[in-house]
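The values are calculated or read from the model by the stated rules, or taken from the named source; none is laboratory data. Since this is a predicted model, take the numbers as computed values, not measurements. As a convention, Cβ positions derive from the backbone with ideal geometry for all residues, glycine included, and neighbour counts pool all protein chains shown. Protein only, heavy atoms only, side chains kept; ligands, DNA and RNA dropped before computing areas. Shrake-Rupley method; radii C 1.70, N 1.55, O 1.52, S 1.80 Å.
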Amino acid sequence: MTEKLPQSRHLATEIPGPLSTAAMQRRSEAVSGGLGTAIPVIIKRASDAILEDIDGNRIIDLGSGIGVTTVGNAAPLVVERVQAAVAAFTHTNFTTAPYMGYIEVCEALNRLTPGDFKKKSLLQNSGAEAVENAIKIARHYTKRPAIVVFEHAYHGRTNLTMALTAKNVPYKEGFGPFANEIYRMPMPYSYRWVGDQTTISEDALKMVTTKIEKEIGAHNVAAILIEPIQGEGGFIVPPKGFLPGLSKFATDNKIVFIADEVQSGFARTGDWFAVNNENVVPDMIVTAKGIAGGLPLAAVTARAEIMDSSHIGGLGGTYGGNPIACAAALAAIEIIESEKLVDRARHLEEILTTSLKAIAAKHPEIGEIRGRGAMIAIELVKAGTKDPNPELMGKVIKYCQSKGVLILTAGSYGNVIRFLPPLVITDELLADALDVLTEAFDAVA
Ligand code: PLZ
């Protein structure tokens with residue numbers, strides 16, 4: 001096994017360096033122009049929270065490949081299990097000839113997800129594919145057509161999941177027509193809520209349930225699908241009481257309540273799942289990203305009677321639950337448990353919010369600090385207003401990149417800086433990254 005990279009920031013060249021710049025030229029010749037680039041460097045190696053590029057720069061990773069490398073990049077146990085699995089066999093297709101890894105991942109998911117009823121799982125390759133399957137299963141089970149989703153939601157880039165996703169540019173523009181029977185509801189985004197903050201939860205619930213009853217008919221709704229903390233939308237945390245109220249409405253109306261925990265799940269928010277925070281027990285949970293330490297895997301976990309409602313052969317796919325990804329997932333789950341990464345996420349929240357509050361005290365352009373655990377964001381506005389400030393966001397991100405700190409953005413208004421560090425990031429490394437962020441605000445705000 002290759003040695004771990006030092007967990008420290010190091011600038012060998014400017015960022016991007018000459019080798020990355022030349023390689024990016026090849027990229028633009030060869031790769032679809034429809035793909036964006038957060039940081040224009042080419043990665044050679046990575047461990048835990050450090051990415052090393054081909055020019056020898058060591059960059060602090062505060063994005064985890066969009067919330068994926070929760071247990072650290074190339075976590076040794078993941079690497080070891082993956083190497084053993086790939087040498088044992090590469091593929092059979094689980095529905096052709098089953099193997100234990102798939103079964104064990106399902107057992108782990110059934111155990112870890114909330115709900116003391118009997119659960120079963122299905123494995124897929126990506127978050128979007130799992131969300132699609134969740135909808136498919138909920139419709140089959142309820143024999144109802146309608147799906148309820150929310151403003152600011154993100155659920156993927158396939159045709160159905162584009163329809164479920166709220167934001168047009170960049171996700172949907174020109175890619176339609178989209179699937180029908182999708183109904184979008186108001187989201188209690190407290191920072192931008194125009195009504196009374198003290199009754200936001202009740203007011204939003206009333207709006208949503210009335211709309212469902214009057215505009216769709218609750219008996220036509222197969223599923224209510226929601227991210228318990230919205231990811232791409234800008235780490236919007238629903239006000240206390242909203243998720244429990246929504247879940248109760250779903251239960252009362254025999255609607256399948258689906259939590260999309262693709263971004264918020266797997267220890268990220270300081271609980272195994274974000275719904276744990278208010279003891280919400282969804283009928284169905286969709287997971288991906290942090291589940292497998294960087295290998296492509298996603299899952300749908302739900303009440304057994306829902307998962308078993310489909311006829312044999314109704315669900316499947318060539319690669320879903322690939323044996324190598326399953327080996328990685330079992331290793332990732334073991335690491336989360338043995339290294340107590342759920343608690344570590346809460347510790348990182350403290351470090352992050354302490355620094356961010358200090359920056360916000362000097363810079364009124366930080367309108368709000370929000371999120372939970374190691375899923376924290378700041379929303380940038382023009383000082384003294386709530387007008388989105390995407391320009392400042394761009395400058396801050398660019399400054400940080402030039403100093404070797406990779407930070408991701410989000411938000412319906414393109415003005416949110418989000419922090420999704422690997423949960424194994426050292427306190428020192430995170431502090432160094434936050435010093436650079438502080439410097440960035442002082443330099444460009
Ligand atoms: N549901 C809540 O966050 C993926 C998208 C990155 P896939 N979010 C990152 C991009 O720009 O494409 C996501 C999510 C939630 C579903 C998905 C979709 O997961 O694995 O990207 O398909």
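Take E202: with every protein chain present and a 1.4 Å probe, its accessible area is about 110 Å².
Per the Debye calculation on the range 1-143 with a single equal scatterer at every Cα and no solvent contribution, log₁₀ I(q)/I(0) for q = 0.14, 0.18, 0.19 Å⁻¹ amounts to -0.96, -1.19, -1.23. Roughly how many Å² of T92 are accessible to a 1.4 Å probe, to the nearest 10? The accessible area comes out at roughly 50 Å².
R303 contributes about 70 Å² of solvent-accessible surface, heavy atoms of the protein only, 1.4 Å probe. Between E107 and A30, the C-beta separation translates, for a Förster distance of 41 Å, into a calculated FRET efficiency of about 0.45. Using equal-weight Cα scatterers in the Debye expression, the normalised intensity of the range 322-403 in log10 at q = 0.11, 0.17 Å⁻¹ is -0.47, -0.80.
With the cut-off at under 12 Å, measuring from each backbone N in the range 50-80 to a point 7 Å along the Cα-to-Cβ line of A22 picks out 55.
For the range 78-338, the extents of the C-alpha atoms along the principal axes are 58, 41, 38 Å, listed from largest to smallest. Close amide-amide hydrogen proximity is noted between F150 and M185, each under 5 Å apart and 5 or more residues distant or on a separate chain (H modeled in the peptide plane; Pro and chain starts excluded). Think of a 1.4 Å ball rolled over the protein heavy atoms: the range 97-233 then has 44 Å² of accessible area per residue. The alpha carbon centroids of the range 194-269 and the range 31-68 are separated by 34 Å. Its Cα gyration tensor gives the range 107-165 an equivalent ellipsoid, and the semi-axes of that ellipsoid, as √(5λ) in whole Å with the largest first, are 22, 15, 12.
Rounded, prolate or oblate: pick one for the chain, where a ≥ b ≥ c are the square roots of the eigenvalues of its C-alpha gyration tensor, a/c under 1.5 means rounded, and failing that, prolate if a/b is larger than b/c, else oblate. Verdict is oblate for the chain. Secondary structure note: in the range 78-338, about 45% of the DSSP beta bridges are antiparallel. Note on N253 and A361: their simple-model spin labels are 4.6 nm apart, each label 7 Å out from Cα toward Cβ. Heavy-atom accessible area, probed at 1.4 angstrom with all protein chains present, ranks F117, F266 as F117, F266, highest first.
The alpha carbon convex hull volume per residue for the range 132-218 rounds to 111 Å³.
An oblate overall shape is assigned to the range 69-124, the ratio a/c of its alpha-carbon gyration tensor axes (a ≥ b ≥ c) being 1.5 or greater and a/b not exceeding b/c.
Treating cross-link reach as a plain straight distance, find the lysines whose alpha-carbon is under 27 Å from the alpha-carbon of K398, omitting any fewer than eight places away in the same chain. Cross-link targets: K44, K167, K172, K289, K357, K362, K382, K386.
Dividing the summed helix terms, -39500 (n - 2.57) for each DSSP H run of n ≥ 4, by the number of residues in the chain produces a 222 nm estimate of -11500 deg cm²/dmol to the nearest 500. Going by accessible surface with a 1.4 Å probe and the largest first, I336, I42 read I42, I336. In this simple spin-label model, placing a label point 7 Å from the Cα along the Cα-to-Cβ direction at both A179 and D442 gives a separation of 5.0 nm. Residues D271, D427, D53 ordered from highest to lowest accessible area at a 1.4 Å probe: D427, D271, D53. Measuring nothing but protein heavy atoms, the accessible surface of the chain at 1.4 Å probe radius is 54 percent carbon and sulfur.
Residue separation of D196 and S402 scaled by 0.36 nm, minus their Cα-Cα distance, works out to 70.0 nm of gained length.
Rounded to the nearest 20 debye, the dipole magnitude of the range 78-338 is 460 debye, with +1 charges on Lys and Arg beta carbons, -1 on Asp and Glu beta carbons, and the Cα centre as origin. The stretch between N159 and A87 holds 22.3 nm of extra length on full extension. This uses 0.36 nm per residue minus the Cα-Cα distance.
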